[in-house]
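Worksheet: one structure, shown below.
The values are calculated or read from the model by the stated rules, or taken from the named source; none is laboratory data. Note that the structure is predicted; figures quoted are calculated from it, not measured. Don't worry about glycine lacking a Cβ; one is built from the backbone with ideal geometry, like all the others, and counts go over all protein chains shown. Note: areas computed on protein heavy atoms with side chains; ligands, DNA, RNA excluded. Shrake-Rupley method; radii C 1.70, N 1.55, O 1.52, S 1.80 Å.
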Amino acid sequence: MSVPLLKIGVVLSTMAMITNWMSQTLPSLVGLNTTKLSAAQGGYPDRSTGVLPANPEESWQVYSSAQDSEGRCVCTVVAPQQSMCSRDARTKQLRQLLEKVQNMTQSIQVLDQRTQRDLQYVEKMEVQLRGLETKFRQVEENHKQNIAKQYKAIKAKMEELRPLIPVLEEYKADAKLVLQFKEEVQNLTSVLSELQEEMGAYDYEELHNRVSNLEERLRACMQKLACGKLTGISDPITIKTSGSRFGSWMTDPLAPEGDTRVWYMDGYHNNRFVREYKSMHDFMNSDNFTSHRLPHPWSGTGQVVYNGSIYFNKFQSHVIIKFDFRTSSISKSRQLDDAGFNNAYHYAWGGHSDIDLMVDEGGLWAVYATNKNAGNIVISKLNPNTLQIVKSWTTGHPKRSAGESFMICGTLYVTNGYSGGTKVYYAYSTNSSTYEYIDIAFQNKYSHISMLDYNPRDRALYAWNNGHQVLYNVTLFHVIRSEGL
């Protein structure tokens, strides 16, 4: 408030000074210093002071100079007679005086406009300052209430943020992994940059052809990698927990692309119902299945599904049956001559496991024992269509001492037991008709293996472990012989 009021004071003071100058200094400019003021009403000077001309006929004369009610300067001038010479000295002085008066009038008008504008500004500021003063009072009165509201709001926000603390802890735990990824990406970027510099001389078409050629070679290489020597078995992956202590489950290694059906057989004898699940996902997450009734109960857990049919050992016999799921009928059956059955030469865990049918990259196999071979394991390659024996290999390993066995790339791998600590310790190669003792760790997670088979399409071992359906990934050592690679 003080600054705008000071502005008004300065403006009014300036106007008074100008008025004083007009009344006192202006007559001296035209040589009228000897003029006398006339008194009016009681001796008090009138608002206008007259200046009498000495001789009206001589030249221009200033008759009066005064200030009106609105503060404006008013001058009365008496013009000379027409016969007077225009070049008189007083005429020049009066012209100069008129020019000065006009200039001063314009300045006063500008000053008046500025004064009015400043006054409006002051009035506006006054209203704003009063409103601001009122708001300050309100803030001061409501200060405590506002603090309480803000505190409650902050507290509510903290309650909302509290569940994020565990999430942030997880992010913190992953920080090292993120840094590791960052370093790897940086390293990869450097390698790619170097590679780009090295390959800068090649055009795009040539690079594309090289990449396409490399892809073809890699596909050919992967086909050759289908077979190899077993060097490791992963930790078990439990797919499902269901059924009794004994049973078998499998997928078809020759199923067409997109066919991921799972086949499930609970128990090792006196059962003839096979469950079909549409996919591994359905098998893991639901009990929705289709049931197939076999014409005969099976024996043991050595069944296998191969190219749309199930191969199983008929209960209490050495007969092998091929049952076609598409026609729901037996398409072929044949006796496996000299093979022991009905718990004559079972695996160490028992369960009528005399004849074990299995599949690898080479086709269908039967593993069993005979009296002629003194109860030791016999390996026979079977024709999947006729069930005739293509070729047989006799081993020196007792069938009853084997925990379980499976075929990979023409080699039979045998475990040293079925419960507790277990390992793969014996291998017989039908490709070279030789055997060797090996030591490959095998985790028996649920302490009782009653089925163990290899699937060449998945390159995994399917196991039934004490009522749990389990998978194991395998590691194979490959020897590639090709002139093109």
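A few comments on the model shown:
- Shape call, the range 238-354: gyration tensor on alpha carbons, a/c limit 1.5: oblate
- Listed pairs LYS332/LYS391; LYS322/LYS381; LYS314/LYS381; LYS229/LYS278; LYS240/LYS278 exceeding 22 Å between Cα atoms: LYS229/LYS278
- Rolling a 1.4 Å probe over the protein heavy atoms gives the range 230-477 an accessible area of 40 Å² per residue.
- Residue-count net charge about HIS448 - beta-carbon cut-off 13 Å; Lys, Arg +1, Asp, Glu -1: +1
- Of all accessible heavy-atom area on the range 230-477, the percent that carbon and sulfur account for (1.4 Å): 45
- Database remark: amide H of GLY302 closer than 5 angstrom to the amide H of LEU357 (H placed geometrically; neighbours at sequence offset of 5 or more, or on other chains; Pro and chain starts carry no H).
- Charge sum, other residues only, whose C-beta stays under 15 Å from SER333's C-beta, Lys/Arg counted +1 and Asp/Glu -1: +3
- Percent RCO, i.e. relative contact order, over the range 230-477, from Cα pairs under 8 Å lying at least 6 residues apart: 21
- Look at the Cα gyration tensor of the range 230-477: its axes a ≥ b ≥ c give a/c under 1.5, and that counts as rounded.
- GLY417 long-range amide H proximity, modeled H, under 5 Å: GLY403, GLU404, LYS423
- Among 279-290, 342-353, the order from most to least packed when residues are scored by Cβ within 10 Å on average: 342-353, 279-290
- Farthest toward positive dipole pole in the range 230-477 [+1 Lys/Arg, -1 Asp/Glu at C-beta], among GLY300, SER286, ILE330: ILE330
- Phi to ³J(HN,Hα) by Karplus 6.51 cos²θ - 1.76 cosθ + 1.60 over the range 328-342, Hz, x for Gly, Pro: 6, 8, 6, 9, 6, 9, 7, 7, 9, 4, 6, 6, x, 8, 6
- Charge tally in the Cβ shell below 10 Å around PHE406, where Lys, Arg are +1 and Asp, Glu are -1, PHE406 excluded: -4
- Under 5 Å, built H, 5+ apart or other chain: amide partners of ASN376: THR370, LYS399
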